[in-house]
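The structure appears right after this line, and notes come after that.
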Amino acid sequence: MEHIISVRDLCVHFTVRKKGKTMFSPREKTVVRALDGVSFDIAPGEFVGYIGPNGAGKSTTIKCLSGILTPTGGHIAVLGRVPWEERVRHVADIGVVFGQRTQLWWDLPVEDSFELLRDIYKLDRGEYERTKARLVEAIDIGELLRTPVRQLSLGQRMRCDLVASLLHRPKILFLDEPTIGLDAVSKLNMRGFVKELNEKEGTTVLLTTHDMDDVETLCRRLLLIGHGKKLMDGTVDDLRRMAGTKRVLKATVGEGKVTLPAGAVLTAHEGRRIEVAFDPEALPADKLVLHLASTAGLTDMQVVAAPLDETVAALYRRMAEVEA
Amino acid sequence: MSVYFKLSLAYLRGQMQHLGSFAMSVTRNLISSVGDALRLVLLGVSFGAMGRWTGAQIAVLYGIITISFAVASALGAGLFSFSGVIRRGDFDRVLLRPCGTLTQVLGAKFDLTRFGRLTTGVVGLAWGIARLDTPFGAAQAAMTALCVFSGVLLFLGILMIQGGACFWTIEGMEAFNAITYGGVAMASYPLEVYKGWLRDLFLYVIPLGCLNYLPCAVLFGKTLPYPLFTAYLAPVAGGAYLALGLLVWRAGVRRYRSAGA
Amino acid sequence: MSTFRALLKTALRQQLQYRSAMLVGILTQLVFAFIYIMVYMAYYTYSPGAAQGMTLSQAVSYTWINQACLRMMSLSGLVEIQEMMRDGRIAFELARPADLHGMWLSRALAVRLAPFALHAPLTIAIGLLMPGEMRLSFALEVLPAGLLSLGMATLLSAAVTVLMTASCFWTIDSNGINRLLPMVAKVCSGNLLPLAFYPAGVRAVLRALPFAAIADAPMRILVGACTAREAAATLAMQGVWLAALLALGRVVTGCGVRRCMVQGG
């Protein structure tokens, strides 16, 4: 099988009824194009980030891929199946983690939820025990197994949720904002484990997230969508280039007033330390450095890529402006 | 089926974690059911018989309909509160699991607290049977059991329609409760004593009359104002409503999956 | 008075927010009114002469009024205040320079009146427009006494609401009182069934209790199921209970507040 996921011209249109002004006035109908002709392929073992601003159509895509939603048009093949036509067989082969919602039974100990999932997925006892032991060890939830889910912290619960979605050894894992609300340590653990799962087990992962650190550390490939359309398919660097390849020059300069050439923006100035943002395509680095060296007395300098967060925020803003 | 039992068991074990509030719910359900029964008893004491129907016979009618509804609402509790599942978006998770949606929704909640109503129903039925002035043997008992069983199916069907309707709108779903609870209250008496469209509603549209009034009239040796075969329609009515419920549910799931939420 | 107006407005707005729930509530009341009325009609048709103390027309009118006023005549504590007591925010409420008992009483009155104002008119109108035996009917001359009694019933219901709320000062999880009392009240008040249909001995005891003063009393007067003398006695009984429960509420609230202050919330 060349592609594990193949999406062609995916369209999802919703009819939204707006409430009339009074209780009795007729409701207006409008068609919202949540997805409007999206196509992409994913090969087995890939780790793909699926990003875009809120309302871009990320969740809708995940819903189609996982068989929850039947699209208005287009075609999807996941593991050679059409997800919405063979829901039961399809979902047995995929795992889905929603960051904000748990799939565990609130009042029961974690282990009992796992047992129930064993029944639901009709897993062989021996294989289930082996998989569980391995996952519990790897994700380090051994001491949580007897705790009722409602008593877990968010980070602990997310770890257990992740184990729960992997017990049936899915070939594809969909992660919907898995790090939302987690503290720094939990985030790092989560990323580490998912990365290992992808590299060692070869599980294909599709990750939707707003956390650009997730994207930078995990995703070798990115899909950007906005307003129901695919805007980019490439790497993190491609995304930066698309957003305008911003660089930041951090420098220590001499005393006195700093002047900058056109195209450079002073973003920070504390004593003798300055930070200058610039776009090397418009203002080559040598010009900026030469200017500073000759006017301000450059004693130390370092050029870094602008944080991805800001880059993407700028990109989303531009997308919104284009739309308006 | 085994998944259904495992899920129900899990729900009950979760409930046992909050024993205090569980006991409170049982008590509340029992008191409210005793209240409903008390209304019948007090009226019975005050008025005596209702035409050709004795107090004992009315108690049997009450027992059959009440037990059916109690069992169905315990089994179908997940459908009662299904609008919440839709509102919270939890139905997505149901679709993500490799087994039937109805199995999961029914298994998600097995409401033992409804057994308060079962208690008053059983007491009413037993008291009524003990006081009957017509013979009540194995054949009559079998007929009564069949009526109760059919009633469970019929009410489960109604609950599936109620739950399935949530796929279209979750507003005003409590209106169904007025019909089910109202129907139970009304069918606790022989439907022939009522006039007008409410009686016809529960005879022809939601055929609660097939469950107790029509078969009991024959059991108690009364002349039926309807053809005799109508006394044996309980299983048909139950089966038909269950089938209708399944159809609505499946149409609802299909709609959910094509329109999203 | 202006505080009360503000509270009433808030309560009304809260009710209006859940418009579909309100419509369903009215629908449910109508369906059950029809069912109860049809049961009475059946009994009066098939066992005429067996009923004591109430004619069919009176029972029908009683049912219409009861369904219209159900939300006003059932008991419950002030949920918001009770939540504040559980999580300790009550301290802010206590810190206000206002008479707490009076404040809660106005609030309870507003909470009782708002659903009444929105539910009752439609139900009453439908009752008045029904044909024949199902019609809500009453004599004009009972109206002054009936409405006075209804007003006292509303105040009584508010007074009990305050008492139930204040019970939270003692048992933080006062589930018992707040969940079971309403159901006891339903049976004893006439909300379940007109007290006229209860056995005579039981009826006499229940009519002397405050529960009957909240529901059965005004309805009995309004449908004309009692003599002028009985009506006067009923009004007097309501007055006594009202004075007693208001005084009790004041004392209990005061004790609760002191207790709360000592414990530090």
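Below is a table of values for the structure above.
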read-out: Relative contact order, percent, chain A [alpha-carbon distance under 8 Å, six or more residues apart]; value: 18 percent
read-out: Under-5 Å amide H pairs with A:G95, H placed in peptide plane, nonlocal only; value: A:I172, A:L173, A:F174
read-out: Surrounding net charge for C:T10, when Lys and Arg each add one and Asp and Glu each subtract one, Cβ distance under 12 Å; value: +3
read-out: Ascending count of other beta-carbon atoms within 10 Å, so fewest first, for A:V265, A:V78; value: A:V265, A:V78
read-out: Helix-only mean residue ellipticity at 222 nm for chain A, each DSSP H run of n ≥ 4 adding -39500 (n - 2.57), per residue, nearest 500; value: -10000 deg cm²/dmol
read-out: 0 to 90° range, to nearest 10: angle between helix A:125-139 axis and chain A longest Cα axis; value: 20 degrees
read-out: Built amide H within the under 5 Å cut-off of A:L231, gap 5+; value: A:L224, A:I225, A:G226
read-out: Filter on A:K29/C:K9; A:K63/A:K187; A:K122/B:K109; A:K63/A:K250; A:K29/A:K229 - keep pairs with C-alpha separation over 32 Å; value: A:K29/C:K9; A:K63/A:K250
read-out: Residue-averaged 222 nm ellipticity for chain C, from DSSP H runs of 4+ at -39500 (n - 2.57), nearest 500; value: -25000 deg cm²/dmol
read-out: Relative contact order (%) - criterion: Cα under 8 Å, at least six apart; region: the range A:191-242; value: 24 percent
read-out: Selection of trypsin sites (Lys or Arg not before Pro), the range B:82-146, meeting DSSP coil and at most 16 other Cβ within 10 Å; value: B:R88
read-out: Phi-based couplings in Hz for the range A:65-76 (Karplus 6.51, -1.76, 1.60; Gly and Pro marked x); value: 5, 8, x, 6, 10, 8, x, 6, x, x, 9, 10
read-out: Reachable aspartates and glutamates from A:K171, criterion Cα separation under 15 angstrom, eight or more residues apart if same chain; value: A:E2, A:E46, A:D93, A:E196, A:E199, A:E201
read-out: All lysines inside 23 Å of B:K222 as judged from Cα atoms, apart from same-chain residues fewer than 8 positions distant; value: B:K195
read-out: Using distinct alpha-carbon pairs, which all enter the 1/r mean, Kirkwood radius of the range B:2-259 in Å; value: 19.2 Å
read-out: In Hz, Karplus ³J(HN,Hα) per residue of the range B:60-69 (6.51, -1.76, 1.60; θ = phi - 60°; x = Gly, Pro); value: 5, 4, 4, x, 4, 5, 5, 5, 3, 5
read-out: The range C:2-263: Cα Rg divided by the 2.2 N^0.38 Å rule of thumb; value: 1.06
read-out: Neighbour cut-off at most 15 other Cβ (10 Å), DSSP loop, trypsin sites (Lys or Arg not before Pro), the range A:193-225; value: A:R220
read-out: FRET efficiency, B:L132 to C:M22 (Cβ-Cβ, R0 45 Å, nearest 0.05); value: 0.50
read-out: Approximate spin-label separation A:R33-C:L12, in nm, with each point projected 7 Å along Cα-to-Cβ; value: 4.8 nm
read-out: Under 29 Å from the Cα of A:K257 - lysines, other chains or at least 8 residues apart; value: A:K246, A:K287
read-out: Sites matching trypsin sites (Lys or Arg not before Pro) across the range B:224-261 that sit in DSSP coil, with at most 14 neighbouring C-beta atoms within 10 Å; value: none
read-out: Degrees between helix A:308-323 axis and first principal axis of chain A (Cα, 0 to 90, nearest 10); value: 80 degrees
read-out: Chain C: relative contact order as a whole-number percent, Cα under 8 Å and 6+ apart; value: 27 percent
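Read the figures in this text as sums done on the coordinates, not as results from a lab. Just so it is clear, the structure is predicted and the values come from calculations on it, not from any experiment. Cβ sites come from the backbone with ideal geometry, for glycine too, and all protein chains shown count toward neighbours.
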